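Just below is one structure, and these are the notes that go with it.
The values are calculated or read from the model by the stated rules, or taken from the named source; none is laboratory data. Just so it is clear, the model here is predicted, and its values are computed rather than measured. Heads up, the Cβs are rebuilt from the backbone with ideal geometry, glycines too, and the neighbour counts pull from every protein chain shown. Ligands, DNA and RNA are stripped out before the accessible areas are found, and what is left, the full protein with its side chains, is counted by its heavy atoms. Shrake-Rupley method; radii C 1.70, N 1.55, O 1.52, S 1.80 Å.
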Amino acid sequence: MSHLLAFDIPGGWGTTLGIKTLIVMGLIPVGALVLGYTFLLKMMSHMQSRVGPMDPGGFHGWFQLIGDGIKFIQKEDIIPAGADKRVFKMAPAIVVMSTFLMFVVLPAGPNAVVAGALHKGQGGIDVGIFYALAVSSLSVIGVLMAGWASSNKYALIGALRAAAQLIAYELPLVLAVVGVVVQAGTMNLQGIVFAQQQGKIFGWSGIGSPFILTQFVGFALFMVAAQAELTQPPFDMPVAESELVAGYMVEYTGFRFLFFFIGEFGTAFVYAGLAATLFLGGWSIPHVNGEIANWIGPIVLFVKIMLVAFLMFWARFSYPRLREDQLQALAWKWLIPISLINILVTGALKVAF
Amino acid sequence: MVAQNVAFWIFAAFMAAGAIRVVTTDNIVHAALWLVLVLAGGAAQFILLGQEFVAWVQVIVYIGAVIVLFLFGIMLTRAPMEAEEKLNNNLRWPGLAAALLFAGTLAWAFLDQWGSDKIKLTKPVRTKEIGDLVFRGYLVPFEVVGVLLLAALIGAVVMARKD
Amino acid sequence: MLLNQFLLLSAFLFGTGIYGVITRKHTVLVLASVELMLVAVNINMVAFGATLNNAVGQVFALFVLTIAAAEVGVGLAIVLLIYRNLRSANPDDASVLKG
Amino acid sequence: MTSFEVDPKLYSPLADSQLNVELDTGDMILNIGPQHPATHGTLRLVVRLDGERVIKADPVIGYMHRGYEKLTEYRTYPQITTLVNRIDWLSSFANEVPFIGAAEKLMNIEATPRALYIRTILTEMARISTFLLFLGEMGLQVGAITPAFFGFRDREYTLNLIESATGGRFHPNYNRIGGLKEDLPWGWVAECRNTMKKMLDSCDEFEDLVMGNPIFQARTRGIGIIPAELGASYGVSGSNLRASGVDWDLRRDGEPLLPYNEIEWKTFTHQDGDSFARYWVRLQETRESARMILQLLEQLPAGPIMAKVPRIIKVPEGEIYVNAENPLGEMGYYIISKGATGPFRVKIRTASFSNVSILPWLLQGIYVPDVITVLASLYFILGDIDR
């Protein structure tokens, strides 16, 4: 049975590929819906004394999300007359695809990782985290396609803002991760998890050595940059509903809009997972190894993801939106210099100790 | 090796089609999007060759940044929605001749020199090896490239500034 | 896999790039064609690296990539500058200095 | 800056390259509105953009014109109150008072003290409910969703009070010439006192949540500065003008229709004149209004709520201009009466109309996100612009 979790599925690469694909295709929407339900509907309603999302279905408004889903699916799929139809249709798929691809390298147990060969806990792609960040940048193309193909000025402005923002914040995102990579000595996510699990704080191995303690600056930078990559407040100018109505998504309805929605929350899920893996020790609990870790790993990871996602959504519901130039100033004048200094200090300490 | 060969030819077909569309399509934005296909195909070829790192650098730098810059530039210079007829000048035949000549010469040279050399992949190149190479053997070029990037950054900023 | 597969593909891409540079009238598209050529070069380097079973080809490809990024940054700045002044993105229009 | 107006074919490229143009990448005309969330209604702004910078902005009004000035000529005075409280629909009670006051002055009728006190309380309550919406809405327009819901939640309390007193949440139609429709319900005063204390708390909450937020300050400080003299010459009034440092409040400086001079209160001015100042002034005024209501409740006199008024109301011949400090600014009614049951001509001076007239000047050269900030901070109601 644990073979299934470890993805050492007997029956050749075809079966393996099929099952893995199904797992990824299933997990991302589920993750997106869990985040959407927990944070967007319930936490937000409590924080904002909102009545609406707490009402449908009786107990705590459990039906709201299903109702939303039904609403999206039964809506008409409208394509503007002036739109570039093929590009317009392709754009949401590309955004979602980038989310799916990111998820592939996230380990949920010593053997439970979708991509890569498995050799004694060294599963996953060798360039792991770098791969995740690389494919995450694919979504920009989808956003630009959506904004341009809609043949709408608001959408175009939104897409341009998104492009400028995502490019600017990819740098601090990557640089924030470099600190962790330097400290762990590997880019493989699995390796990073093991480095944290087996690490010691001054000889004490009680909680391992989660990198949030040594790389707190990196963690803060990563969270800020991830927030910007997700285009969530305070960095949500590309979709700013009070200015650009919904930015690049303005012409999308029904199912295609749902795609963007799933992309947004799925990406939030994956980024939370990356942050949990890089800084909080991922699936690992110190001194828990072997077969059992494959079983409790996903649960531990999920709990950590929810913790990180809580931070993300807390900021999302509390802050107003920055202006475009303030956003760029924040990225170039603060985040990037700080992350460079962080790398420098980390490197120096790594050499010293 | 059969699977790799099949994959190669599929990717190669996509890349060739994409490249042709890049230089012939009448819509600027479509051209940039076709270029994405070519670049992604290139990354796929790198992975086929077991060179992971450069493949993902290609994705993050080319697709994530360069193409976005292209699209950005196109849209800032007023992207037209409908196809423009005037994207090509009247140098089609000289261009074709030059391209054929060059590609032909290259192909002939390649076939002549490496007629049936085979690529034997033993293991994928680990990122560690690249790091060692860059920071040991090729440190000076690395620094030079760093300075070049800085110069490009400053140059671009100076040019795009208001005054 | 034959080495020549990759080399011929790169030759084809390079030829296409040349054609694009010669025929395209929009500066951004000329830059895109240059990118095609650079990708062709990269494929060559990586293929040779794989044949020789080391990472040197990859390192050179990385340098090419970096330079390509710098080139695009400066190139697009120039395009925007030309567009700002001439209201045209056609490289043939930027002929003021020709005398 | 003005290179967009010149046909590129008419001048040589060289000449243009010497011009000090910004990264001008093709200007674009953007229609903000008439259906756009930032215009809260059907205002249309034709904005010419260079990148994200506004070169020129033209407000286009009239999408909501309902012809109230003309309609009043065919109604009797008691009927007109139902019309005028739809002008600024967020503070409808405050719209009725000056009109009724004008009619009373023409007829030489004085409302009873209790009626005047209740009018004052409800006017201030309308001010609170309007400003609460503003306090939340401004947060929403700069991107924070939470304040909007807090604003709506707290506004609900005052609306409940208005409803329990007048029977209407939005359009009370509670004023009569000479007094009020009916007295306050039993227990209303105690309830009102509790709610006003809640409002004081909620003002503190907004101060912490919105005004104290560094991003909010970065977005609003120095944005959309109205110089005092320019603002006054454009006819900007109310909190918008007080935020520019002009200490002018018709509740104190005008001919008082309501007994404001019998209670202790003060006006607030801010030196900056920017969007943040407007937010600050409105927040202070909300708090001050709550305090005023608490005082008015203490001093609420007993007695009848209706003065002696003839059965059929005919206003004697004459003309009068009555203005009052409404939540949005100066609101005035110019009434010409020919002695009939209805007025001969009514001219309504609404605050928002004058407030938005400064927009073309104010929006020049700022960025699109700031357009939204400025629109939100000027705080207009479309019904108040178009009438």
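Structural remarks
- Residue order for A:Val245, A:Val96, B:Val2 - accessible surface, 1.4 angstrom probe, largest first: B:Val2, A:Val245, A:Val96
- Residue (of D:Ile225, D:Phe344, D:Asn213) at the positive-pole extreme of chain D, dipole from beta-carbon charges: D:Phe344
- Buried accessible surface for the B/C chain pair comes to about 6800 Å², total over both chains, computed with a 1.4 Å probe.
- Long-range amide H partners of D:Val54 with built H, under 5 Å: D:Gly365, D:Ile366, D:Tyr367, D:Val368
- Accessible area buried between chains B and A, both sides summed, probe 1.4 Å, in Å² to nearest 100: 2300
- Calculated from backbone phi, Karplus (6.51, -1.76, 1.60) coupling profile of region A:226-233 in Hz, x at Gly/Pro: 5, 4, 5, 5, 7, 6, 9, x
- Positive contributions from Lys and Arg (+1) and negative ones from Asp and Glu (-1), summed over other residues with Cβ under 12 Å from the Cβ of A:Leu230, come out at -2.
- Annotation: lysines with alpha-carbon distance below 29 angstrom to A:Lys333 (same-chain offsets under eight excluded): A:Lys350, B:Lys162.
- Share of pairwise Cα-Cα distances greater than 28 Å in region D:70-353 is 36 percent (whole percent).
- Overall, the ratio between the Cα radius of gyration of region A:117-230 and 2.2 N^0.38 Å, rounded to two decimals, is 1.34.
- In sequence order, region D:211-223 has phi-based couplings of 5, x, 6, x, 5, 4, 5, 5, 7, 10, 5, x, 9 Hz under the Karplus curve 6.51 cos²θ - 1.76 cosθ + 1.60, θ = phi - 60°, and Gly or Pro positions carry x.
- Residues in chain D average 38 Å² of solvent-accessible surface per residue, probe 1.4 Å, ligands and nucleic acids excluded.
- Cα gyration tensor, region D:185-281 - rounded (a/c under 1.5), prolate or oblate: oblate
- Computed helical MRE - 222 nm, the protein assembly as shown, DSSP H runs ≥ 4 contributing -39500 (n - 2.57), nearest 500: -19000 deg cm²/dmol
- Summing both sides, the accessible surface hidden between A and D at a 1.4 Å probe radius is close to 2500 Å².
- Summing +1 for each Lys or Arg and -1 for each Asp or Glu among the other residues whose beta-carbon sits under 11 angstrom from that of D:Gly342 gives +3.
- Pairs from the table (A:Lys304/D:Lys197; D:Lys198/D:Lys266; A:Lys20/A:Lys304) lying more than 31 angstrom apart at Cα are A:Lys304/D:Lys197.
- When chain D is treated as a Gaussian network with alpha carbon springs shorter than 10 Å, the biggest mean-square fluctuation among D:Pro185, D:Pro343, D:Pro34 belongs to D:Pro185.
- Using all pairs of distinct alpha-carbon atoms, the Kirkwood hydrodynamic radius of region A:232-353 works out to 17.5 angstrom.
- When D:Glu104, C:Glu71, D:Glu262 are compared by accessible surface with a 1.4 Å probe, the order from highest to lowest is D:Glu262, C:Glu71, D:Glu104.
- Dipole magnitude for the protein assembly as shown: computed about the Cα centre from +1 point charges on Lys and Arg Cβ and -1 point charges on Asp and Glu Cβ, it is near 980 debye.
- Residue of A:Ser205, A:Ser98, A:Ser150 that the Gaussian network model of chain A assigns the largest fluctuation, springs spanning Cα pairs under 10 Å: A:Ser205
- Carbon + sulfur, % of accessible area of region C:3-91 - ligands and nucleic acids excluded, 1.4 Å: 77
- For the residues of B:120-133, the average number of beta carbons from a partner chain within 10 Å of their own beta carbon is 5.
- Descending principal axes extents, chain C, alpha-carbon based, whole Å: 50, 23, 20
- Accessible surface for region C:3-91, divided over its residues, is 25 Å² per residue with a 1.4 Å probe.
- The relative contact order of chain D, computed from alpha carbon pairs under 8 Å that lie at least 6 residues apart in sequence, is 24 percent.
- Shape category assigned to region B:18-64 from the gyration tensor of Cα positions, a/c cut at 1.5: oblate
- Each Cα pair under 8 Å and six or more residues apart adds its sequence gap; the mean of these over the residue count of region A:2-352 is a relative contact order of 23 percent.
- Dipole magnitude (debye, nearest 20) for region A:161-273, charges at Cβ of Lys, Arg, Asp, Glu: 460
- Tilt relative to chain A, helix A:12-35 - C-alpha long axis, 0 to 90 degrees, to 10: 60
- Dipole magnitude of chain D, debye to nearest 20 (Cβ charges: Lys/Arg +1, Asp/Glu -1, about Cα centre): 1400
- Dipole orientation for region A:69-218: of the candidates A:Tyr169, A:Gly191, A:Val181, A:Tyr169 has the Cα lying most toward the positive pole (charges on Cβ; Lys, Arg +1; Asp, Glu -1).
- Region A:139-205: trypsin sites (Lys or Arg not before Pro) in DSSP coil with no more than 14 other Cβ atoms inside 10 Å: A:Lys200
- Per residue, chain A exposes 39 Å² of accessible surface when a 1.4 Å probe is rolled over the protein heavy atoms with every protein chain present.
- Of A:Leu33, A:Leu344, A:Tyr271, farthest towards positive along the dipole that unit charges on Lys, Arg, Asp, Glu beta carbons give chain A: A:Leu344
- Heavy-atom accessible surface of chain A: percent carbon and sulfur, 1.4 Å: 74
- Expressed in units of 2.2 N^0.38 Å, where N is the residue count, the Cα radius of gyration of the protein assembly as shown is 1.11.
- Computed over region B:1-112, the percent of Cα pairs more than 23 Å apart is 44.
- When the surface is traced with a 1.4 Å probe over the full set of protein chains, D:Cys203 keeps roughly 0 Å² accessible.
- Computed from label points 7 Å out along Cα-Cβ, the spacing between A:Ala348 and D:Glu110 is 8.2 nm.
- For D:Val210, A:Val217, the ranking by accessible surface with the largest value first comes to A:Val217, D:Val210, using a 1.4 Å probe.
- Evaluating 6.51 cos²θ - 1.76 cosθ + 1.60 at θ = phi - 60° for every residue in region D:117-134, the Karplus couplings come out as 5, 5, 4, 4, 4, 6, 4, 5, 5, 4, 4, 4, 5, 5, 5, 4, 4, 4 Hz, glycine and proline recorded as x.
- Loop-located GluC sites (Glu not before Pro) in region B:48-153 whose Cβ has at most 15 other Cβ within 10 Å (DSSP): B:Glu82, B:Glu84
- P(r) tail for chain A: Cα pairs beyond 31 Å make up 36% of the total.
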